[in-house]
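Visitor: Have a look at this one.
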Amino acid sequence: MDLAPIEAEHERIAADFSAHQQALVRAVGEASAAADARAAWDRFETRLRMHIRFEDERLIPLFAARVQPPPLGCSEELLLAEHRKLERLLDSCSVTAREHLEQRATDPAALLALIEQQRMIREVLEHHDQRERAAFFPALDEVLQPDEKTALLQASIAAHPAS
């Protein structure tokens, strides 16, 4: 698939999230890991918000205009609704993660509560990724010309953080 580099952004988002949670666990016994957890969360949040914006502004409008009818279970409305849900979860989890890290919480129960809250964002991300890999990206790939794919890949590089 020619859009694989754009799709691979999902893997970087998941890696940032995983790095954040691993650093959270380390921070219970290692105070310096709190800074790692915060940096990983900031990368995750920035990368996810940029990716959502890129898909909302560039990919979903193309998908809606060219893929008719949309694949079952992968409409423009559904994709946009999942993006809004992810943004709401990000907003909520960002507040909690920052409070947890600012308080330098080392209480295992507080850590467990934070990770449990973040579980929903992980589940929505995984489900959304599966939907896009199974239907959205393949359908979009089929209707785009090679020069359009090249332009989208260049736009994707410009729209996403390098690290």
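The values are calculated or read from the model by the stated rules, or taken from the named source; none is laboratory data. Predicted model, so just to flag it, every value in this text is computed and none were measured. Positions of Cβ are backbone-derived with ideal geometry, glycine not excepted, and every protein chain shown enters the neighbour counts.
Visitor: Quick one: count up the residues across region 1-54 that are over 17 Å from Ser92 (Cα atoms), of a type in the set (Gly, Ala, Ser) and surrounded by 14 or more Cβ atoms within 10 Å (Cβ to Cβ).
Guide: 8
Table: residues versus (1) out of contact with any strand residue (DSSP E or B) (no Cβ under 6 Å at 6 or more places or on another chain); (2) modelled with pLDDT under 95; (3) over 30 Å from Leu3 (Cβ atoms).
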{"residue": "Ser18", "(1), (2), (3)": "yes, no, no"}
{"residue": "Gln21", "(1), (2), (3)": "yes, yes, no"}
{"residue": "Ala37", "(1), (2), (3)": "yes, yes, yes"}
{"residue": "Ile52", "(1), (2), (3)": "yes, no, no"}
{"residue": "Pro61", "(1), (2), (3)": "yes, no, no"}
{"residue": "Arg88", "(1), (2), (3)": "yes, no, no"}
{"residue": "Gln130", "(1), (2), (3)": "yes, no, no"}
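Visitor: Which of (1) hydrophobic (A, V, I, L, M, F, W, C); (2) over 27 Å from Leu111 (Cβ atoms); (3) surrounded by fewer than 19 Cβ atoms within 10 Å (Cβ to Cβ) does Leu59 not meet, given it meets every other one?
Guide: Going through the list (1) hydrophobic (A, V, I, L, M, F, W, C); (2) over 27 Å from Leu111 (Cβ atoms); (3) surrounded by fewer than 19 Cβ atoms within 10 Å (Cβ to Cβ), Leu59 breaks only (3).
Visitor: Which of the following residues is outside any helix (DSSP H, G or I) and over 22 Å from Leu111 (Cβ atoms): Pro5, Pro69?
Guide: Pro69
Visitor: Does Gln154 meet the test of being part of a helix (DSSP H, G or I) and over 17 Å from the mean Cα position of the chain (by Cα)? Let's see the steps before the verdict.
Guide: Details: part of a helix (DSSP H, G or I): yes; over 17 Å from the mean Cα position of the chain (by Cα): yes.
It is true that Gln154 is part of a helix (DSSP H, G or I) and over 17 Å from the mean Cα position of the chain (by Cα).
Visitor: Ok, one more. Please enumerate the residues belonging to region 1-15 that are under 9 Å from the mean Cα position of the chain (by Cα) and touching a residue at least 12 places away in the same chain (Cβ under 8 Å). Give the steps one after another, and end with the answer.
Guide: We begin by selecting, within region 1-15, every residue under 9 Å from the mean Cα position of the chain (by Cα); these are 9-14.
Result: Glu9, His10, Arg12, Ile13, Ala14.
Visitor: Take Arg84 and tell me if it is closer than 18 Å to Ser156 by Cα, exposed (fewer than 15 other Cβ atoms within 10 Å of the Cβ) and not polar (S, T, N, Q). Steps first, please.
Guide: Details: closer than 18 Å to Ser156 by Cα: no; exposed (fewer than 15 other Cβ atoms within 10 Å of the Cβ): yes; not polar (S, T, N, Q): yes.
Considered against the rule, which asks whether it is closer than 18 Å to Ser156 by Cα, exposed (fewer than 15 other Cβ atoms within 10 Å of the Cβ) and not polar (S, T, N, Q), Arg84 comes out as no.
Visitor: Out of region 8-24, which residues are of a type in the set (Gly, Ala, Ser) and part of a helix (DSSP H, G or I)?
Guide: Once the filter is applied, which keeps residues that are of a type in the set (Gly, Ala, Ser) and part of a helix (DSSP H, G or I), region 8-24 yields Ala14, Ala15, Ser18, Ala19, Ala23.
Visitor: Going by what's in this entry, would Gln130 be described as surrounded by 11 or more Cβ atoms within 10 Å (Cβ to Cβ), in a helix (DSSP H, G or I) and touching a Cys at 6+ places or on another chain (Cβ under 9 Å)?
Guide: Taking the combined requirement at face value, the residue does not satisfy it.
Visitor: Name every residue in region 25-40 that is in contact (Cβ under 8 Å) with a residue 60 or more places away in the chain and assigned to a helix (DSSP H, G or I), in order of residue number.
Guide: Val25, Ala27, Ala34, Ala37, Arg38
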